[in-house]
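This report concerns only the one structure given below.
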Amino acid sequence: MLEQNKTLNQPSAKKSHQGTHSHPHDSTGTPHAHVHTEASLRQIINRLSRIEGHIRGIKTMVQESRPCPEVLVQIAAVRGAIDRVARIILDEHLSECIARAAEEGNIDEEIEQLKAALDRFLP
């Protein structure tokens with residue numbers, strides 16, 4: 001999933017005329033029918049930007065020698081926020097990408113890619 005998140009900001013993401021983005025999904029960088037709506041991308045990017053700011057805040061807390069329990073509470077909040085972003089991406093992948101792959105007849109390949117991503121993502 002981490003590799004997927006990196007592709008959301010890559011300039012290679014193509015914008016189609018329907019307000020969607022297609023991006024590479026595998027290690028070869030070959031694009032296939034993996035499309036996100038502009039609204040979905042905006043939601044994910046906004047959440048990641050907030051998480052980025054939150055992490056900078058935690059860094060400041062550490063630099064200011066704030067109490068460890070306060071820092072740990074903030075780290076827990078970031079973990080939760082990251083998990084929520086991952087859930088949004090996974091939900092969208094299941095409802096859009098897996099469904100599309102089933103229609104196009106390449107469901108097995110898409111499921112294998114999802115399994116590989118989940119193996120890296122889940123503890």
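The values are calculated or read from the model by the stated rules, or taken from the named source; none is laboratory data. The model shown is predicted, which means the values in this text are computed figures rather than measured ones. No Cβ is skipped: glycine too gets one built from the backbone with ideal geometry, and neighbour counts run over all protein chains shown. Just so you know, the surface numbers come from the protein's heavy atoms only, side chains and all, with ligands and any DNA or RNA stripped out. Shrake-Rupley method; radii C 1.70, N 1.55, O 1.52, S 1.80 Å.
Numerical summary
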read-out	value
Residue within segment 15-22 that is within 21 Å of ASP119 (Cβ to Cβ) and either modelled with pLDDT under 95 or surrounded by 13 or more Cβ atoms within 10 Å (Cβ to Cβ) (or both) present	no
Every residue from segment 63-116 that is among the basic types (Lys, Arg), open to solvent by less than 70 Å² (accessible area, probe 1.4 Å) and within 14 Å of the chain's Cα centre (by Cα)	none
Selected residue [closer than 25 Å to LEU118 by Cβ and at pLDDT 90 or above] from ARG79, ARG100, ARG56, ARG66	ARG79
Sole residue being touching a residue at least 24 places away in the same chain (Cβ under 8 Å) and out of contact with any Asp or Glu (no Cβ under 7 Å at 6 or more places or on another chain), chosen from ILE82, ILE111	ILE82
